[in-house]
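Trainee: Please see the structure below; I have some questions.
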Amino acid sequence: MRFQALIGILPHERTIAQPIEIDLRVRVSDDDVVIDYRALYDLVASIVSSAPIDYLEQIARNVADRALAHSPRIHSARVAVRKPHVALPGPLAYAEVVVERTADD
């Protein structure tokens, strides 16, 4: 999923939206379970657009927690959040944070 978000702690990151990419992978209880991926997309979109966000980790944790809460049949969630435009002194394709949660956490 790709979004424009106010993400970061630098002054310009609080006012100018930047691209971020989010991968969400969920595991369900059995092969017969159907999860509405449109609802999961909307869940992620609401988190990203909620307000300026300081850190990628916040997005990843929130998405994982809300995905697990979305359905009792979701047993685990893996969320990767990538930010392509990061102000660092050397070449970089993107910064990425990965969070994995299980329903037991």
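Trainee: What are the residues in the stretch 4-25 that are touching a residue at least 40 places away in the same chain (Cβ under 8 Å), surrounded by 14 or more Cβ atoms within 10 Å (Cβ to Cβ) and of a type in the set (A, V, I, L, M), if any?
Mentor: The answer is 5, 6, 7, 20, 22, 24.
Trainee: Within the stretch 26-36, is there a residue that is touching a residue at least 40 places away in the same chain (Cβ under 8 Å), assigned to a strand (DSSP E or B) and surrounded by 16 or more Cβ atoms within 10 Å (Cβ to Cβ)?
Mentor: Within the stretch 26-36, one or more residues are touching a residue at least 40 places away in the same chain (Cβ under 8 Å), assigned to a strand (DSSP E or B) and surrounded by 16 or more Cβ atoms within 10 Å (Cβ to Cβ).
Trainee: Among the candidates 96, 100, single out the residue that is exposed (fewer than 14 other Cβ atoms within 10 Å of the Cβ) and either among the hydrophobic types (A, V, I, L, M, F, W, C) or closer than 18 Å to residue 1 by Cβ (or both).
Mentor: After applying the criteria, what remains is 100.
Trainee: Being assigned to a helix (DSSP H, G or I), hydroxyl-bearing (Ser, Thr, Tyr) and at pLDDT 95 or above: is that true of residue 76 here?
Mentor: So residue 76 fails the test.
Trainee: Residues that are more than 21 Å from residue 87 (Cα to Cα), at pLDDT 95 or above and assigned to a loop (DSSP other than H, G, I, E, B): does the stretch 1-19 have at least one?
Mentor: Looking through the stretch 1-19, at least one residue is more than 21 Å from residue 87 (Cα to Cα), at pLDDT 95 or above and assigned to a loop (DSSP other than H, G, I, E, B).
Trainee: Sticking with this one: In the stretch 49-68, which residue that is in contact with a Leu (Cβ under 9 Å, 6 or more places away or on another chain) and part of a helix (DSSP H, G or I) is farthest from residue 8 (Cα to Cα)?
Mentor: Among them, the one singled out is 67.
Trainee: Residue by residue through the stretch 10-30, note down the ones that are over 12 Å from the mean Cα position of the chain (by Cα), under 21 Å from residue 100 (Cα atoms) and among the acidic types (Asp, Glu).
Mentor: Within the stretch 10-30, 30 is the sole residue that qualifies.
Trainee: Filter the stretch 40-81 down to residues that are of a type in the set (Ser, Thr, Tyr) and surrounded by 15 or more Cβ atoms within 10 Å (Cβ to Cβ) and give me whichever is farthest from the chain's Cα centre (by Cα).
Mentor: Checking each candidate, the answer is 71.
The values are calculated or read from the model by the stated rules, or taken from the named source; none is laboratory data. Not measured: the values here are computed from a predicted model. For neighbour counting, all protein chains shown are included, and Cβ atoms are generated from backbone atoms with ideal geometry for every residue, glycine included.
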